[in-house]
Ligand SMILES: Cc1cc2nc3c(=O)[nH]c(=O)nc-3n(C[C@H](O)[C@H](O)[C@H](O)COP(=O)(O)OP(=O)(O)OC[C@H]3O[C@@H](n4cnc5c(N)ncnc54)[C@H](O)[C@@H]3O)c2cc1C
């Protein structure tokens, strides 16, 4: 049988980590997906190394088991300047929403796990050595022309097309989008090495104006070093064995090290103006690229995938109006832009232009940390933009919870006594989540039927110690993370499959809250 389908719901161009994440999520929702890549296999070049708790929560949503790929939890990120000494120390120990705040990993392992997860869904077809050439948008569909490995050109029809084709995205150019923003003139040599002696366990930024050098521990006994090139240094010279031996000499003798990967990169801080046009969407590096100083390039791509996947799935299955797809750009672009700004700020800390600037910038940071409130803000990642939206697919106004923000995750106990992370209780549905009092019982039969026909489910979180009603949808909130503080009992929220809060209010108003949420999905708006 010909493996290339002629018609699918969603055609994903690019099977990098972000395309694979989107395909795996769409597969969970049962959407018919074709994901193609012009390369035959996974790219082995040294790229992403760090993921935060938000990325790990999305990987949980995708269905990756905790041990699906190897990780190292990072206890702290230290910043050191030869002129003023240590000037920053970010506490990355502990967890947020059930996941470590920061881990390092090996990108090819993660990509393999994501591809396996995508392939495990019968509705997903993944094919390599196929190149997207162009596409045409017509009423109700997109027709893409693809070139197969043997040179044949074939057409595939899809309801929607997603460009996950990386920083050089041709899909982006085809929809008339370009990158705004800055290209850093500096080039960086990235080295991954094994057999490094010592017990190095964290991330360290040596912010030396002569040659900034971040380095970090990674799984498989690896250490990653990043060396900024000086004016006049070339890629060819820097990638030579003798140069690498000289650069790594302060850490280890070259004969003991196994250099696994080396590559010179130029970093960019850029985003396009619109992440979608008609039936075409851009995700991951195709939409935005950032210097890796805060480790957020792939993380931002995973956020894109989580945000877009359920919306596409709901629209192609007729459970939501196509109008909800506009919210992908409204929600994701401002947040991706804020992350790029943070990475640029970090770049200024890492790469001061000269000794005077280093003394000024790093010295000021050191002084700021003497003020306890500022020290807490800097050390506890308070400067990281929250994953919450000011505009998008959620009810306007404010009640008790942050609409457009994320529902926290904690540990819960099921009626059968099983202890699990609360997102497992939410599953893949849109949910009416009620706290204390069970909201499902407050809906009329008619609204309850409309809700479930639109992919709605019910989850009830009870205070720890309260008696179980025996329902499979009812869970005990074991660490008091879920029940909102302002209104502990008798509150409810509509939570999207990407864990964003769409609406909330007293359980007594559940009928209205569900009705208004359905109106938002149906694109009729809240009257
Ligand atoms: C040195 C370095 C360090 C980094 N560190 C971090 C970090 O610590 N944390 C983090 O979150 N991010 C980091 N990043 C960023 C991260 O690596 C990228 O954001 C991520 O890999 C992008 O994934 P993607 O799937 O969007 O694109 P890609 O991985 O580039 O995948 C795009 C795919 O599309 C395919 N393709 C392209 N054109 C076509 C076509 N016409 N037809 C078919 N297929 C096509 C390509 O073959 C490719 O497989 C780092 C990047 C670099 C370079």
(message) Just to be sure I understand: of the beta bridges DSSP finds with both ends in the chain, what percent are antiparallel, rounded to 5?
(response) 70
(request) Divide the volume of the convex hull of the Cα atoms of region 411-522 by its number of residues and quote the answer in cubic angstrom per residue. (result) 94
(request) Apply 1/(1 + (r/R0)^6) to the Cβ-Cβ distance of residue 195 and residue 277, taking R0 = 51 Å, and write down the FRET efficiency to the nearest 0.05. (result) 0.55
(request) First measure r as the distance between the Cβ atoms of residue 91 and residue 445, then evaluate 1/(1 + (r/R0)^6) with R0 = 60 Å and state the FRET efficiency to the nearest 0.05. (result) 0.75
(request) Using 0.36 nm per residue of separation minus the Cα-Cα distance, give me the extension gain between residue 251 and residue 420 in nm, one decimal. (result) 56.6 nm
(request) Could you list 489, 272 in order of exposure, starting from the residue whose Cβ has the fewest other Cβ atoms within 10 Å? (result) 489, 272
(request) Please arrange 412, 350 by counting, for each residue, the other beta carbons lying within 10 Å of its beta carbon, fewest first. (result) 350, 412
(request) Enter the angle in degrees (range 0 to 90, nearest 10) between the Cα long axis of helix 355-368 and the first principal axis of the Cα atoms of the chain, meaning the one along which they spread out most. (result) 40
(message) Per 0.36 nm of contour for each residue apart, how much would the distance between residue 317 and residue 173 grow if the chain were fully extended, relative to their Cα-Cα spacing?
(response) 48.9 nm
(message) Based only on other Cβ atoms within 10 Å, what is the fewest-to-most ordering of 160, 106?
(response) 106, 160
(request) Scale the Cα Rg of the chain by the rule-of-thumb value 2.2 N^0.38 Å and send over the ratio, two decimals. (result) 1.02
(request) Rounded to the nearest 10 degrees, what's the angle between the helix 17-28 long axis and the longest principal axis of the chain, both from Cα atoms, 0 to 90? (result) 20
(message) Could you give the length gained by full extension between residue 243 and residue 40, i.e. 0.36 nm per residue of separation minus their alpha carbon distance, to one decimal place?
(response) 69.8 nm
(message) Could you tell me the center-to-center distance, by alpha carbons, between region 40-106 and region 437-451 in angstrom?
(response) 41
(request) Go ahead and run the numbers for FRET between residue 123 and residue 183, Cβ-Cβ distance against an R0 of 41 Å, rounding to 0.05. (result) 0.55
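Only the coordinates and a few stated rules stand behind these numbers; no lab work does. These numbers come from a predicted model, not from an experiment. When we count neighbours, we look across all protein chains shown, and the Cβ atoms used for this are built from the backbone with ideal geometry, even at glycine.
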